Amino acid sequence: MFRTFLVLVVLLLNVTNAGAQTKDSVSVETSIWGVQTGLLGFWAHNESKLSRTIALRTELGFDAAFYGSNNEFNYILAPILHVEPRWYRNLDRRSRKGKNTANNSADFLSLRSFFVPDLFLISNDDVRINTTLGMTFNGGMRRVYWDHFSFELGLGAGFAADLEETYGNSVYFFPDIFFRLGYNF
């Protein structure tokens, strides 16, 4: 995991330095606020510019889960916090080809950290979740249509840790697949 993180940091630093040598090149937006919904939840987010091709995305929302037992349909909504640096890797190429780059409309690589606290749950069943902390490496695409409507699709994997587990292995593999539709303000 540390080796992957080190490779990502070196790659991002090289891309940032190479981009500093070009003039009149396209850049990520200074700040974008928006809301999104997906198959399993809804979120409010902000993307703030860190460099020409890197933005820091912070996100607060609810992740959802559905399950059935004894002929019943149950749901859970749990609060979640994401902090995610994103490297938008093809902004220049999309600009050269005349494609839309507004509101960070490009392909990205990211290192998403997430925290699921055991503060409260919204559910129709008497369930409890454990506080969880995790990190995933993702690749994805973001497209913005009509200046405000966003579409994101991505895939990644990483690890999560159950912070309340006292017995056994509390670290587990975590696949991350997402499809989101949203509105940018």
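The values are calculated or read from the model by the stated rules, or taken from the named source; none is laboratory data. Since the structure is predicted, the reported quantities are computational estimates derived from the model, not experimental observations. The accessibility values were calculated without ligands, DNA or RNA, using every heavy atom of the protein model including side chains. Shrake-Rupley method; radii C 1.70, N 1.55, O 1.52, S 1.80 Å.
Relative to the first principal axis of the alpha-carbon coordinates of the chain, what is the inclination of helix 2-19, with its axis defined by its Cα atoms, in degrees from 0 to 90 and to the nearest 10?
For helix 2-19, the angle is close to 30 degrees.
In a GNM of the chain with a 10 Å cut-off on Cα contacts, which of L39, L50, L109 has the highest mean-square fluctuation?
L39
Could you work out which residue, out of F73, F149, F115, moves most in a Gaussian network model of the chain, that is, has the largest mean-square fluctuation with Cα springs under 10 Å?
Largest GNM mean-square fluctuation: F73.
By how many nm would the segment from N71 to N100 lengthen if fully extended, with 0.36 nm per residue of separation less the alpha-carbon distance?
Additional length available on full extension: 5.6 nm.
Using the heavy atoms of the protein chains alone and a 1.4 angstrom probe, what is the accessible area of the chain per residue in square angstrom?
Roughly 58 Å² per residue, with all protein chains present.
Compute the length gained on full extension between W33 and R89: take 0.36 nm times their separation in residues and subtract their Cα-Cα distance, giving the result in nm to one decimal.
The W33-R89 span can extend by a further 18.1 nm.
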